[in-house]
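Contents: one structure, followed by commentary.
The values are calculated or read from the model by the stated rules, or taken from the named source; none is laboratory data. All of these numbers come straight from a predicted model, not from anything done at the bench. Cβ sites come from the backbone with ideal geometry, for glycine too, and all protein chains shown count toward neighbours.
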Amino acid sequence: MHNTMKHTKRYKASFLHRGKWWIAWTDDVPGALTQGRTLDEARENLKDAIAMMLEPVDLNTLPKPQTTVIHEVIGFEEA
């Protein structure tokens, strides 16, 4: 018989109350940032955001930009 026990991954979450909104993020998963009207909603939205950020993405399936985007590394001398 196979062991199907699931492991729960834990992330440190931060919550900030601003006006009518709770802002939620984790530094453990860059880009995982969301909000909610209540703390519980923000917490659940953050779980969704983390899951989405951890999903693999096939870059070939992303829409192609309609304009030319130039990516480069620039440098400068500090005074």
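Numerical summary
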{"quantity": "Members of region 42-64 found to be over 17 Å from Lys12 (Cα atoms) and part of a helix (DSSP H, G or I), listed by number", "calculated": "Leu59, Asn60, Thr61"}
{"quantity": "Gly31 being at pLDDT 85 or above, on the phi > 0 side of the Ramachandran plot and of a type outside the set (Ser, Thr, Tyr)", "calculated": "yes"}
{"quantity": "Every residue from region 2-30 that is surrounded by 11 or more Cβ atoms within 10 Å (Cβ to Cβ), in a loop (DSSP other than H, G, I, E, B) and out of contact with any Ser or Thr (no Cβ under 6 Å at 6 or more places or on another chain)", "calculated": "Thr26, Asp28, Val29"}
{"quantity": "Out of Thr34, Thr38, Thr67, Thr61, sole residue that is of a type outside the set (Gly, Ala, Ser) and touching a helix residue (DSSP H, G or I) at 6+ places or on another chain (Cβ under 6 Å)", "calculated": "Thr34"}
{"quantity": "Cβ-Cβ under 7 Å pairs, at least 6 apart or on other chains, region 11-40 side under 19 Å from Ala51 (Cβ atoms), far side of a type in the set (Phe, Trp, Tyr) and not in a strand (DSSP E or B)", "calculated": "Thr26/Tyr11; Asp28/Tyr11; Val29/Tyr11"}
